[in-house]
Amino acid sequence: MSHPSDPWRSAPPRLDPKAMERALAASRAELALKRPVRGWRSQAVGLFAASAGMALAVAGVLLALGRTTGAMLMGRAPLLALLLSTGAVCSWGALSPRGRALRQVGVGLALVSAVLLVLTRAAPRGPSTLPEWVCTVSHVAMALGPLAVALGVLRSAAFDPLRAAVAGMAVGTVGAFVGELACEQGPGHVAIYHLGAWALLTLTTWALSKRLKPRTYAP
Amino acid sequence: MEGVTDEVLMDQFCQGDQPAFEALFARHAGRVHGFLARMVRDGPLAEDLMQTTFLSVIRARGRYERGTRFTPWLLTIAANAARDALRHQQHVDAHAHAPPEGPTSVPAPDGDPAMRRRIEDALQQLPVEQREAVVLSKLEGWSFEEIAEMRGIRAGAARLRAHRGYEKLRELLGGLEDMS
């Protein structure tokens, strides 16, 4: 309703009918492409599947090569389950349109997981034959696939710093999971080289997502 | 399509009904453009952003949750697009060493043109967050709770943004009465 006496409420600038036609034509052209519509839930499941799938696949390879054992897997099962849960919550929270509270829960779970990864790590059995940074590089390398998936699905919504960071945390669970099975270094090494890689992936996801132009500005 | 709520139309569109989208476009294009024109104060940019907003509605229909009120969802998309454009514009201006100022290509609307132009010039001098809070609360009639939900902040923070915006507008406009 327009109130001529109130300059705040006078009618906004009129929309040029030609501009309206152009916008409608662009919309029709977009609809004519008949692109498949993907719901955010399936995107969240996809992100979790990419992270958890990679973690479980590498765990399977380690088992097959004898680099880890069933007993070790069972011994670390609670922590591994926590990491998978963190990945699931972070994936869901990152893609959910109204998931602000869940994103905060995801951050909390990631922090708890990080603390437990350090506190539950036993003293190293002996000196490693590899440089310590190999763990960081491996973490990042294993997460490249899930990172690409995360960046793809994040473009379906407007950039949100917390959303992007939480997606990065989901991506980082891959290396944390595999590090529990493949690395026998002590808690100091985990704190620096494993959690450092997790933080780096979170930061990278945030930074790349911020730079990429979103496909939509939806919340 | 008359008598059908926006939410029903959006549900129908999500099921693949293209005329439902066109009905939503016809209902809301003017309002979205008005909001964007106030946010960016640049006629051609507001038109481009209006187009971007509706393209986002099409591409992001998989993110629309049944039961969500359509108009706030639509204006949230428009606000996000405007913010991104303004951020980009600031970036470009910063690199060109030429800060934007003064009136632009949006024509003076109805009412008291001089007063309205003063208000719109002053609005452009507010930080984006404050401008958004003022436009949404004063002109679009949103509650602070709705603005807070859109931006993921507390209602008190949304109120504070708008309050600071009104304060700054008061300074800029001098004696204009009844600001808030």
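The values are calculated or read from the model by the stated rules, or taken from the named source; none is laboratory data. Remember, predicted model here, so these are calculated numbers, not experimental data. Cβ coordinates were reconstructed from backbone atoms using ideal geometry, including for glycine residues, and neighbour counts include every protein chain displayed.
So here's what we get for this one:
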| quantity | calculated |
| --- | --- |
| Any chance A:Ala101 is modelled with pLDDT of 95 or more and either within 14 Å of chain B (Cβ to nearest Cβ) or assigned to a helix (DSSP H, G or I) (or both) | no |
| Hits in segment B:9-34 (condition: within 23 Å of the chain's Cα centre (by Cα) and either loosely packed, with under 15 Cβ neighbours inside 10 Å or among the polar types (S, T, N, Q) (or both)) | B:Ala26 |
| In segment B:40-53, residue nearest to the other protein chains (Cβ to nearest Cβ) [restricted to those that are out of contact with any Ser or Thr (no Cβ under 7 Å at 6 or more places or on another chain) and of a type in the set (Asp, Glu)] | B:Glu47 |
| Residue identified as crowded, with 22+ Cβ neighbours inside 10 Å and among the β-branched types (Val, Ile, Thr) among A:Val171, A:Val134, A:Val140 | A:Val171 |
| A:Ala148 vs. criteria surrounded by fewer than 20 Cβ atoms within 10 Å (Cβ to Cβ), more than 14 Å from the chain's Cα centre (by Cα) and in a helix (DSSP H, G or I) | no |
| Residue count for segment B:73-90, restricted to those that are modelled with pLDDT under 90 and either within 9 Å of chain A (Cβ to nearest Cβ) or within 10 Å of A:Tyr217 (Cβ to Cβ) (or both) | 0 |
| Options A:Ala23, A:Ala55: the member that is at pLDDT 90 or above, surrounded by 13 or more Cβ atoms within 10 Å (Cβ to Cβ) and over 23 Å from the mean Cα position of the chain (by Cα) | A:Ala23 |
| Qualifying positions in segment A:156-194 - within 13 Å of A:Thr120 (Cβ to Cβ) and in a helix (DSSP H, G or I) | A:Ala176, A:Gly179, A:Glu180, A:Pro187, A:Val190, A:Ala191, A:His194 |
| Test result for A:Ala44, under 17 Å from the mean Cα position of the chain (by Cα), in a helix (DSSP H, G or I), of a type in the set (A, V, I, L, M) and within 14 Å of chain B (Cβ to nearest Cβ) | yes |
| Lone qualifier among B:Glu7, B:Glu2 - being of a type in the set (Asp, Glu), farther than 25 Å from A:Pro161 by Cα and modelled with pLDDT of 95 or more | B:Glu7 |
| Residues of segment B:130-144 satisfying the condition of being buried (at least 21 other Cβ atoms within 10 Å of the Cβ) and assigned to a helix (DSSP H, G or I) | B:Gln130, B:Arg131, B:Glu132, B:Ala133, B:Val134, B:Val135, B:Leu136, B:Ser137, B:Phe144 |
| Candidate set from segment B:54-72 (those that are in a helix (DSSP H, G or I) and facing chain A (nearest Cβ under 7 Å)); member that is nearest to A:Leu95 (Cα to Cα) | B:Arg63 |
| Qualifying residue in segment B:29-38 (condition: part of a helix (DSSP H, G or I), at pLDDT below 95 and out of contact with any Leu (no Cβ under 9 Å at 6 or more places or on another chain)) | no |
| Whichever residue in segment A:28-40 is free of Cβ contacts under 8 Å to residues at least 60 places away in the same chain and surrounded by 13 or more Cβ atoms within 10 Å (Cβ to Cβ) and, among such residues, is farthest from A:Ala77 (Cα to Cα) | A:Arg28 |
